Amino acid sequence: PAHVALARRIGASATVLLKNDGDVLPLRGGPATTVALVGACDSTHDVDAAFADWTHGDYYVVGGSGRVLSYDAVSLAAALRARGGAPAVRLAADESLEAALAAAEGADVIMACAGATTTESRDRESLRLDQHDLLVALGAAALPAPLIVVSLAPGAVEAPWAANASAVVNLFLGGQETGNAVADVLLGDVNPSARLPVTFPLSEVGTTAPCDAERCVYDEGVHIGWRALQGRPVAFEFGAGLSYTSFTYAWSAPPVLGADGVVRMSVAVTNAGAVAGADVPQLYLRFPAAARQPPLVLRGFAKTGLLAAGADETVEFALTARDLATYDGGRWRKAVGEFGAVVGASSRDHRLEASFAV
């Protein structure tokens, strides 16, 4: 039981709230509220298939040698049904658009679940969720209630459908307690604090495609992943993640280069909202132009404790000589010139900026 509880806490802590227009989340109203669950909200975890094929993956676990299997994986539909005081659940008959629209009639909220699988030894066929077309169609339909998308993703996913959703929640293959963990966030029992470790692009254009040739040349250097997508439109950027409260940042001590060669700085993070929550301020570095680095690179992040409304915490960052260097020609080279230190809530949500010279 202790391990199950831990898995649930980890899953909830890793659930990212990416969009929440009109504060549609957390869900309120209890049993008087009806939620139409469409798509893959009741997807199963087929343990027998996984034992028969070690590369078998599903919406709960990765395929391959790193997987952890369980006969008791909890879907979101099962979690909401079992939760006392939770909204009433109406499950679509299948994953078709017709079934989704039928379930949505008279519902207060429409929740669409979508997932994708991945496994060791094989590339994913695309960056799309399996229910991508359903999500796009729902966004284009005249729905009677707000649309919430729950993504169970194995990594970065193409997310143009997000523009027409009121809320988007993502969990990366959360294992046995997936349904309970996501439900904890949807119902407000846990205030989300996770951040995206990848970018969700609008399309695969601009991303690095897999290569199945005998000889593959990748010459992007460090200009790959989220760094390569800076300045381009994306669905959700690297480091993104919302909360049910809000936070403000202020310099406690702007960056200063010490005699030991370490640049130190500290930031005061204040919960400016009405409910307790934790935040993850992120430190990005802007190198001098001569270093030929991406516009920003991540050099640190820290998660605060659970801050009550109005409470604050000071977060300290330190940049070492390695942080201020670039790797070139087989060795680390010190970069010289003016650097920019950017502290923000994501790679594109910048709150503080200061410069220092080396």
Residues with beta-carbon under 13 Å from that of residue 78, excluding residue 78: net charge, scoring Lys, Arg +1 and Asp, Glu -1? -1
Modelling each spin label as a point 7 Å along the Cα-to-Cβ direction, I'd like the residue 353/residue 88 distance in nm, to one decimal. 5.2 nm
Given 0.36 nm per residue, what is the gain on full extension from residue 308 to residue 49 after removing their alpha carbon distance, in nm? 88.7 nm
Segment 92-138 accessible area per residue, 1.4 Å probe, protein heavy atoms, integer Å², reads 49 Å²
Share of pairwise Cα separations in segment 213-358, more than 24 Å, in percent: 39 percent
Counting Lys and Arg as +1 and Asp and Glu as -1, what is the net charge of the other residues whose Cβ lies under 13 Å from the Cβ of residue 89? +1
For segment 84-231, shape from the Cα gyration tensor axes a ≥ b ≥ c, cut at a/c of 1.5 then a/b versus b/c, turns out prolate
222 nm [θ] for the chain, helices only, -39500 (n - 2.57) per DSSP H run of 4+, per residue, to 500? -4000 deg cm²/dmol
Segment 255-358: which chymotrypsin sites (Phe, Trp or Tyr not before Pro) are DSSP loop and have at most 14 other beta-carbon atoms within 10 angstrom? none
Summing +1 for each Lys or Arg and -1 for each Asp or Glu, what net charge is found among the other residues whose Cβ lies under 13 Å from the Cβ of residue 297? +4
Packing-based ranking, highest mean first, of 214-225, 34-45, 132-143 given that Cβ atoms within 10 Å are counted: 34-45, 132-143, 214-225
Along principal axes, Cα extents of the chain, largest first, whole Å: 65, 58, 44
Note: segment 159-286, point scatterers on Cα, Debye, no solvent; log10 I/I(0) at q = 0.13, 0.22, 0.23 Å⁻¹ equals -0.82, -1.33, -1.36
So how many Å³ per residue does the convex hull of the Cα atoms of segment 1-96 work out to? 146 Å³
Translational diffusion coefficient of segment 153-230 at 37 °C, 0.692 mPa s, Stokes-Einstein with Kirkwood Rh over Cα pairs, in µm²/s as a whole number. 215 µm²/s
Sparse-neighbourhood loop sites, GluC sites (Glu not before Pro) in segment 95-152 - DSSP loop, at most 16 other Cβ within 10 angstrom: 105, 120, 125
The relative contact order of segment 15-156, taking Cα pairs under 8 Å that sit 6 or more residues apart, comes to a percentage of 31 percent
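The values are calculated or read from the model by the stated rules, or taken from the named source; none is laboratory data. Because the structure is a prediction, the values reported are computed rather than measured. FYI the Cβ positions are ideal-geometry reconstructions off the backbone, even for glycines, and counts take in every protein chain you see. Side chains included, ligands, DNA and RNA excluded: accessible areas come from the protein's heavy atoms. Shrake-Rupley method; radii C 1.70, N 1.55, O 1.52, S 1.80 Å.
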